[in-house]
Amino acid sequence: MRFKHLLLIAFFVVIAGIAAGGAFLHEKLSGLEEPIALSEPAFVELKRGTSYIGLARELEQRGFVENAFWVRVRGRLEPELTGIQSGYYQVEPGMSALELIRRMARGETHSWSVRLPEGWTFSRIRERLNQQEHLAHTLEKGSGRAVMEKLGEKDMHPEGWFFPDTYEYHKGDTDLDVLRQAHERMTSELSRAWASRAEDLPLDSAYEALILASIIELETPLSEEKPRIAGVFVRRLERGMRLQTDPTVIYGMGEGYEGRIGGADLREKTPYNTYRIDGLPPTPIGMPGEAAIKAAVNPAEGEALYFVARGDGSHYFSQTLEEHNKAVRRFQLNRSADYRSSPAPVVDESEDDADE
């Protein structure tokens, strides 16, 4: 009887020990679910070939976990956690070590974004990409045509061939990777628009549509006005009239442009000065967005052959030169103190915008 009593006591002692051990294990493993002590975001770079054990040690060294041992134990209990993927990971305040490890197992690497605004020139795009800290810079010294050749477009002028949008990239991606995304997007958008173009356009190719779209983009920031601007230019082309659009003059001036254009600039013959050349300039003058591309291939109907900026971001359209000259005197020669070419300040708006 006494022996049975001792066995019973021993049994309860074992059970108590198991319970205590389980509680201890639960406490330690639960610690991995506690928020990491951070006041601002941090980054962890998981290099290629890093093992799960190596990650556990790094988390301990950085103070993200109390002991790497419990990270390894969690990996034994959840084997799917050990399939961590290399990359750059952001650790936000309030995130737990376990959440970070699961993110690494899913390969949810951190990404950055860069915005390429409508109307920007290729040179401005390159400047912006060169400013991206986490982007590998491989194109700083190459010419524009050399860049296009790397994109598989030999002997192509780069201007206008990149779609304005916000693009994501990861650490290790290159400036060429971003440009490839933007170029493929522009090629796709332009091809789609050209396939649905209006009949009898005075344009011989999708490239000419791209050139026209770039001019439309720089003439007005208002999407609703772009088809009307396109209509004016298309009617001018049909009648053999020169486009006479200031943004092309500015583009042709290059670095000589200092914020204003005068009569001498309008008279100077450059390949882009549409006051001096017939038809379209030889290349686009910036990146047109979707609305400008659609407007170029489906212009609004009408009779207007002229337009002038009102000073509030919109334009006044005229059918005759006499009416246009009156509008110029009204809106341009007697500008109000609050005159502006854009309807409202816009972040990253092109500084090359100009009015006819």
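Points worth noting:
- Considering ALA146, ALA105, the condition of being surrounded by 14 or more Cβ atoms within 10 Å (Cβ to Cβ) and either β-branched (Val, Ile, Thr) or not in a loop (DSSP other than H, G, I, E, B) (or both) is satisfied by ALA105 alone.
- For region 70-95, filtered to residues that are more than 37 Å from the chain's Cα centre (by Cα) and in contact (Cβ under 8 Å) with a residue 12 or more places away in the chain, the residue that is surrounded by the most Cβ atoms within 10 Å (Cβ to Cβ) is VAL71.
- Criterion: at pLDDT below 90, farther than 28 Å from ASP155 by Cα and over 33 Å from the mean Cα position of the chain (by Cα) - qualifying residue of GLN332, GLN319: GLN332
- Hey, ARG180 part of a helix (DSSP H, G or I), of a type in the set (D, E, K, R) and farther than 24 Å from ALA146 by Cβ or not: no
- Considering only residues in region 149-178 that are charged (D, E, K, R) and more than 17 Å from the chain's Cα centre (by Cα), the one that is nearest to LEU46 (Cα to Cα) turns out to be LYS150.
- Boolean, GLY152 is within 29 Å of THR248 (Cα to Cα), touching a helix residue (DSSP H, G or I) at 6+ places or on another chain (Cβ under 7 Å) and not hydroxyl-bearing (Ser, Thr, Tyr): no
- Within region 297-320, the set of residues being over 16 Å from LEU201 (Cα atoms) and not in a loop (DSSP other than H, G, I, E, B) comprises TYR306, PHE307, VAL308, ALA309, ASP312, HIS315, TYR316, PHE317, SER318.
- Checked against the criteria, ALA42 does not count as free of Cβ contacts under 8 Å to residues at least 24 places away in the same chain and within 19 Å of GLY107 (Cα to Cα).
- Of all residues making up region 114-133, the number that are touching a residue at least 40 places away in the same chain (Cβ under 8 Å) and surrounded by fewer than 16 Cβ atoms within 10 Å (Cβ to Cβ): 2
- Residue in region 119-136 that is within 21 Å of the chain's Cα centre (by Cα) and at pLDDT below 90 present: yes
- Residue ID - nearest to the chain's Cα centre (by Cα), chosen from residues in region 279-310 that are more than 28 Å from SER196 (Cα to Cα) and crowded, with 20+ Cβ neighbours inside 10 Å: ALA309
- A single entry from SER188, SER214 fulfils the requirement of being closer than 21 Å to ARG128 by Cα, under 23 Å from the mean Cα position of the chain (by Cα), assigned by TED's automatic domain parsing to the domain that holds SER123 and at pLDDT 95 or above: SER214.
- Subset of region 163-173 (residues that are buried (at least 16 other Cβ atoms within 10 Å of the Cβ) and either modelled with pLDDT of 95 or more or within 17 Å of LYS150 (Cβ to Cβ) (or both)): PHE163, PRO164, ASP165, TYR167, TYR169, ASP173
- None of GLU349, GLU255 is modelled with pLDDT under 95 and part of a helix (DSSP H, G or I) except GLU255.
- Answer residue from region 108-143, given it is in a strand (DSSP E or B) and not hydroxyl-bearing (Ser, Thr, Tyr) and is farthest from PRO164 (Cα to Cα) among those: ALA136
The values are calculated or read from the model by the stated rules, or taken from the named source; none is laboratory data. A quick note: this is a predicted structure, and the numbers were derived from the prediction, not measured. All Cβ positions, glycine included, derive from the backbone under ideal geometry; neighbour counts span all protein chains shown.
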